[in-house]
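Asker: Take a look at the following structure, please.
The values are calculated or read from the model by the stated rules, or taken from the named source; none is laboratory data. Small disclaimer: the values here were computed from a predicted structure and weren't measured. Note that we place each Cβ from the backbone using ideal geometry, even for glycine, and neighbour counts take in every protein chain shown. The accessibility values were calculated without ligands, DNA or RNA, using every heavy atom of the protein model including side chains. Shrake-Rupley method; radii C 1.70, N 1.55, O 1.52, S 1.80 Å.
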Amino acid sequence: MSTFELILIALALSMDAFAVSIAKGLALRHISISHRLSVGLWFGGFQALMPVAGYFLGSTFANYFTNIDHWIAFVLLSSVGINMIREAWGKGDSCDAKADFSTLNMLLLAVATSIDALIVGVSFAFWEVDIFYSATLIGIVTALLSIAGLHIGQLFGCRHRSKAEIFGGVVLVLLGIKPLVEHFL
């Protein structure tokens, strides 16, 4: 998998954390370094850890599924992408999150926004992927976008939240189709 493809995956996976960060930015009058560190470390950290966990989970069972690995990657990535599109389509561009940066709140949000990264990590087990490089890239992209999301939320609000999530979902679906195309060509 190329670095470009990994960046696309990282961008797609970071859309939920980005949207939550925008919502948090809406409620802030001033963005402090602790706010930036909080969203960057929590969201970026979990987005980096979850693919690694999924990768090792998938690697444990990869030998049993080598004949259908392209279908597994397709189903996992496409279902996450379609779910992102469906959720974004239904909720519109409203922002209802508060600027609560407590440990419990950030932990819950970090886990909730990184479940899709766990599933993507499982699909990585079926490809030739350097999981630590991939996870680091995903974590860094998510951290940077989350910090940017705070600022965007403070400045502009959530007018484009659903569009960003739809774009991320489409990217994941297209990346899910790729192994099928490669397998049959």
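Asker: Evaluate the following for residue 9: is it in contact with a helix residue (DSSP H, G or I) (Cβ under 9 Å, 6 or more places away or on another chain) and farther than 30 Å from residue 185 by Cα?
Answerer: Criteria not met by residue 9.
Asker: Find all pairs meeting these conditions: Cβ atoms under 6 angstrom apart; at least six residues apart or on different chains; first residue within segment 1-29 and part of a loop (DSSP other than H, G, I, E, B); second residue among the polar types (S, T, N, Q).
Answerer: Hits for this filter: 14/142; 28/154.
Asker: To continue, here is another question. How many residues, within segment 33-72, are open to solvent by 30 Å² or more (accessible area, probe 1.4 Å) and small (Gly, Ala, Ser)?
Answerer: 3
Asker: Quick one: which of 136, 113 is modelled with pLDDT of 80 or more, within 13 Å of residue 21 (Cβ to Cβ) and within 16 Å of the chain's Cα centre (by Cα)?
Answerer: Unique residue meeting the criteria: 113.
Asker: Moving on to the next point. From the residues in segment 73-85 that are over 13 Å from residue 123 (Cα atoms) and crowded, with 20+ Cβ neighbours inside 10 Å, which one is modelled with the highest pLDDT?
Answerer: 81
Asker: Also: When the residues of segment 105-127 are filtered to those that are of a type outside the set (A, V, I, L, M, F, W, C) and buried (at least 24 other Cβ atoms within 10 Å of the Cβ), which remaining residue is farthest from residue 65 (Cα to Cα)?
Answerer: Per the criteria, the residue is 113.
Asker: Let me ask another. So if I check each of 94, 102, which one is loosely packed, with under 13 Cβ neighbours inside 10 Å, modelled with pLDDT of 80 or more, more than 16 Å from the chain's Cα centre (by Cα) and closer than 30 Å to residue 33 by Cα?
Answerer: One residue alone meets the criteria, 102.
Asker: Do we have residue 14 as hydroxyl-bearing (Ser, Thr, Tyr), open to solvent by less than 70 Å² (accessible area, probe 1.4 Å) and either closer than 23 Å to residue 166 by Cβ or touching a Ser or Thr at 6+ places or on another chain (Cβ under 9 Å) (or both) here?
Answerer: Here the answer is yes, as residue 14 does meet what is asked.
Asker: If you check every pair at least six apart or on different chains, which have Cβ atoms under 9 Å apart with a residue in segment 77-88 that is within 11 Å of residue 174 (Cα to Cα) first and a residue that is in a helix (DSSP H, G or I) and polar (S, T, N, Q) second?
Answerer: Pairs that qualify, where the first residue is within 11 Å of residue 174 (Cα to Cα) and the partner is in a helix (DSSP H, G or I) and polar (S, T, N, Q), are 77/123.
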